[in-house]
Amino acid sequence: MNRSPRRRVLAATLSTAAAVLVAGGTVLLSAGNADAATTLGASAQATGRYFGTAVAAYKLSDSVYSTILDREFDMVTPENEMKWDATEPVQNSFSYGSADQIVNHALAHNQRVRGHALAWHQQQPSWAQSLSGTALRNAMVNHITNVATHYKGKIYSWDVVNEAFADGGGGGRRDSSLQRTGNDWIEVAFQTARAADPGAKLCYNDYNTDGVNAKSTGVYNMVKDFKARGVPIDCVGFQSHLNSGSPYTADYQANLQRFADLGVDVQITELDIAGSGSAQATTYANVVKSCLAVTRCNGITVWGIRDSDSWRASDTPLLFDNSGNKKAAYTSALDALNSGGTTNPTSSPTSTPSTSPSASLPPSTSPPPSSSPSTGTAGCTATVSLNQWTGGFVATVKVAAGSTPINGWTVGVTLPSGATVTNSWSSTAGGSNGSVSFTNVSYNGSVNAGASTEFGFQGTGVGPSATPTCTAR
């Protein structure tokens, strides 16, 4: 569907912005719209775009959190509350309480909502994990139909399918239970979402697709094919979890533009940038400028409000510090919005090391993640950061080489009684009975002296607290 979000959002901005003077065909905003220069959401609206954030329902009672949310942002994305495990914990029995809380809060504060996410290979309820083939395909269709129908008319855009392409250099689909139902599963998901909520934009969303690379080209080719065959896709989401392993690059804007040239909108959906100070601030400004330079870039969503709310809090990747104070990155993003941006920003400063490939992972419902260093053996050490919530966890493990390079690694993790690993990424998992091991995959086994790489895994129960072991090859 080819809508004009720029005109629609700008019209809404003008209608709520006090006095509007029109002279000689030029629109002039009076001082009544001064907020457009002082908050992210209002400044983005003045360009016909939005500036949003990811929201956790349980944090809405935090006055600092909710005050920043309602002052600064005009779009919200539920972090976990709309995912399959949260909305359909028992097959065909739907639970919308937490997601409704976010949606109702947003609508009460004149904010719009991005729905996230209808179909994803992670965070599936246990009953769906036990299905395959036709049974899983039918369950997916039923799930999308029910959830999208429940929120029909309340969602600006849906992340219909999340992270369906593989990492590495091939540019192909990720092997998953959904992919194994048939290669047409993504288009079936989009067709189902269109039938259930025809007024919402339908997006494909992924990470490590921010520049022109094999993975983004794989997505590009899918979108091109969908457009040619009339599959209903309206937008592509770029998560933009940026760090030294996945940096902002000079072709960031060009990559957004090549997707827009296919006839779809583009959205920056989960932005966070590891680092601090001027380097982080410059990168935030460059991302904003890139979006402003692409007419079909609808807006930007940062993945959390304060650094302590982030799924990778130790990287201090957001616009507000742990206490809710504005950082230099906030000022640079706001200034870029107010300046209207420039084309082809090329500065790509480095930031604090991380090679985290994943995104859309569950944030912690407890204090910021803690890390436990291992003593390590044979030239490598491992530290684990844990995001824990009731009934499950995500563990991010950093593998660091010692004083000499390594060509491969294996990390051993002891799980508490009752805990189970449900999936992992950037590693090959093995073992059982509470003792699991993770071995590098082809692209992250070689680590230079003093450098590091990361992998992660998700599980049910309580996450590991024991020190991991690391063996290098």
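The values are calculated or read from the model by the stated rules, or taken from the named source; none is laboratory data. On a predicted model such as this, the values are computed, not experimentally measured, just so you know. Because the Cβ atoms are built from the backbone with ideal geometry, glycine has one as well, and the counts that use them run over all protein chains shown. Quick note on the areas: whole protein, heavy atoms, side chains included, nothing else; ligands and nucleic acids left out. Shrake-Rupley method; radii C 1.70, N 1.55, O 1.52, S 1.80 Å.
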Hey, among 231, 219, which residue is open to solvent by less than 40 Å² (accessible area, probe 1.4 Å), more than 20 Å from residue 116 (Cβ to Cβ) and either in contact (Cβ under 8 Å) with a residue 24 or more places away in the chain or of a type in the set (A, V, I, L, M, F, W, C) (or both)?
-> 231
Yes or no: residue 284 surrounded by 24 or more Cβ atoms within 10 Å (Cβ to Cβ) and either part of a helix (DSSP H, G or I) or among the charged types (D, E, K, R) (or both)?
-> yes
Sole miss for residue 135 among (1) without any contact (Cβ under 8 Å) to a residue 24 or more places away in the chain; (2) assigned to a loop (DSSP other than H, G, I, E, B) is condition (2)
Quick one: in region 139-149, of everything that is out of contact with any Phe, Trp or Tyr (no Cβ under 6 Å at 6 or more places or on another chain) and open to solvent by 10 Å² or more (accessible area, probe 1.4 Å), which residue is nearest to residue 104 (Cα to Cα)?
-> 149
Look through 265, 206, 210 and report the one residue that is buried (at least 19 other Cβ atoms within 10 Å of the Cβ), touching a residue at least 40 places away in the same chain (Cβ under 8 Å) and touching a Gly at 6+ places or on another chain (Cβ under 9 Å).
-> 206
Being open to solvent by 10 Å² or more (accessible area, probe 1.4 Å) and outside any helix (DSSP H, G or I) is the filter; apply it to region 177-202 and report the residue that is farthest from residue 269 (Cα to Cα).
-> 182
Within region 373-396, restricting attention to residues that are at pLDDT 85 or above and open to solvent by less than 20 Å² (accessible area, probe 1.4 Å), which residue is nearest to the chain's Cα centre (by Cα)?
-> 384
Got at least one residue in region 297-305 being at positive phi and either in contact with an Asp or Glu (Cβ under 6 Å, 6 or more places away or on another chain) or open to solvent by 10 Å² or more (accessible area, probe 1.4 Å) (or both)?
-> no
Test: residue 430 is free of Cβ contacts under 8 Å to residues at least 12 places away in the same chain and surrounded by fewer than 18 Cβ atoms within 10 Å (Cβ to Cβ) = yes
Within region 281-304, work out how many residues are within 17 Å of residue 337 (Cβ to Cβ) and out of contact with any Lys or Arg (no Cβ under 8 Å at 6 or more places or on another chain).
-> 12
